[in-house]
1. LYS135 - would you say it is at negative phi, surrounded by 12 or more Cβ atoms within 10 Å (Cβ to Cβ) and in contact (Cβ under 8 Å) with a residue 60 or more places away in the chain?
2. Can you tell me how many residues in region 132-155 are among the basic types (Lys, Arg) and assigned to a strand (DSSP E or B)?
3. Confirm whether LEU117 is over 25 Å from VAL22 (Cα atoms) and either crowded, with 16+ Cβ neighbours inside 10 Å or in contact with a helix residue (DSSP H, G or I) (Cβ under 9 Å, 6 or more places away or on another chain) (or both).
4. For residues that are of a type in the set (S, T, N, Q) and within 16 Å of THR29 (Cα to Cα), scanning just region 40-83, find the one that is nearest to the chain's Cα centre (by Cα).
5. Would you pick out the residues in region 156-196 that are more than 23 Å from LYS119 (Cα to Cα) and assigned to a strand (DSSP E or B)?
6. Of the residues that sit in region 148-183 and are exposed (fewer than 13 other Cβ atoms within 10 Å of the Cβ) and basic (Lys, Arg), which one is farthest from ARG125 (Cα to Cα)?
7. Only one of (1) at pLDDT below 90; (2) touching a strand residue (DSSP E or B) at 6+ places or on another chain (Cβ under 9 Å) is not met by LYS52, so which one is it?
8. Being of a type in the set (Phe, Trp, Tyr), under 30 Å from LEU31 (Cα atoms) and at pLDDT below 95 is true for just one of TYR129, TYR174, TYR183. Which residue is that?
Amino acid sequence: MNRELIMIIEQLGREKGIDKEVLFEALETALLSASRKSLGPGDNVRIHIDRKTGDFRIYQRKQVVEEVTDPETQIALADAKALNPQAEVGVELELLQDRPLQDLGRIAAQTAKQVILQKVRDAEREGIYSEFVGKEGQILRGVVHRIEKRNVILEIGKAEAILPEREQIPGERYNPGDRIRAYVLEVRRTIKGPQIALSRTHPGYLARLSAASCGARRSTSSSGRTIRPPSWRARCRPRRSRP
């Protein structure tokens, strides 16, 4: 299992563009949480996965004291000096624990895939948010993916964006596969991932469209239908020179 775990982490890291150290740390945290029953509830324990062999190690932090009153969190000065001659009262040492790890391997097999996939989803969501958060106030092109309760869901690259009914031009109709332009109103984080809100009626839409498309006469959907911006006649036109 240990070698297989290393291969899974390295493969997913390459495929999804995620630092494998991030995946290792996420799995260590999940293993610690899942092992609380056998390791105890203390917050002075950590699990380390060897990055080359996949072996598990358990470390426990203990404070050096003259007289031990809590063996789970303290170590006598004499014992500490046997491990580290420079140990002094009041400092903390991280000690390798000789605890049976059979259950840890079983827990790892059950949680590794779930933890890694969740981390991959989180990284992909964060990547989408980072890509679009700086595009508020811009016009983007997207493809209509589906209609949900009169809201239009567009695909923009790897992201989905929503064009709410209230932000649509009255009388316009949209079909899956239509290519349209829209103004990015807001990009925000949600529990389900980044939410990108669009508009085709915002004043900034016409201003941006006019500035970027002076001389253009229309934008056309992939189905050949013309989807015009609001106040089409307000678009700038080339001046005719007087005779």
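1. Numbers: at negative phi: yes; surrounded by 12 or more Cβ atoms within 10 Å (Cβ to Cβ): yes; in contact (Cβ under 8 Å) with a residue 60 or more places away in the chain: no.
For LYS135, the condition - at negative phi, surrounded by 12 or more Cβ atoms within 10 Å (Cβ to Cβ) and in contact (Cβ under 8 Å) with a residue 60 or more places away in the chain - is not met.
2. Keep residues of region 132-155 that are among the basic types (Lys, Arg), which gives 135, 141, 146, 149-150.
From what's left, assigned to a strand (DSSP E or B): 141, 146.
Number satisfying all stated conditions: 2.
3. Values: over 25 Å from VAL22 (Cα atoms): no; either crowded, with 16+ Cβ neighbours inside 10 Å or in contact with a helix residue (DSSP H, G or I) (Cβ under 9 Å, 6 or more places away or on another chain) (or both): yes.
In short, no.
4. First, pick out the residues of region 40-83 that are of a type in the set (S, T, N, Q): 44, 53, 60, 63, 69, 73-74.
If we keep only those that are within 16 Å of THR29 (Cα to Cα) too, we end up with 44, 60.
On the way: ASN44: 28, GLN60: 31 Å.
In this case the residue turns out to be ASN44.
5. Within region 156-196, the subset more than 23 Å from LYS119 (Cα to Cα) is 162-186.
Residues satisfying the conditions are ILE162, LEU163, ARG179, ILE180, ARG181, ALA182, TYR183, VAL184, LEU185, GLU186.
6. Only one residue tops the list, namely ARG173.
7. With respect to (1) at pLDDT below 90; (2) touching a strand residue (DSSP E or B) at 6+ places or on another chain (Cβ under 9 Å), LYS52 is out only on (2).
8. TYR129
The values are calculated or read from the model by the stated rules, or taken from the named source; none is laboratory data. Small disclaimer: the values here were computed from a predicted structure and weren't measured. Virtual Cβ from ideal backbone geometry, glycine too; neighbours counted across all protein chains shown.
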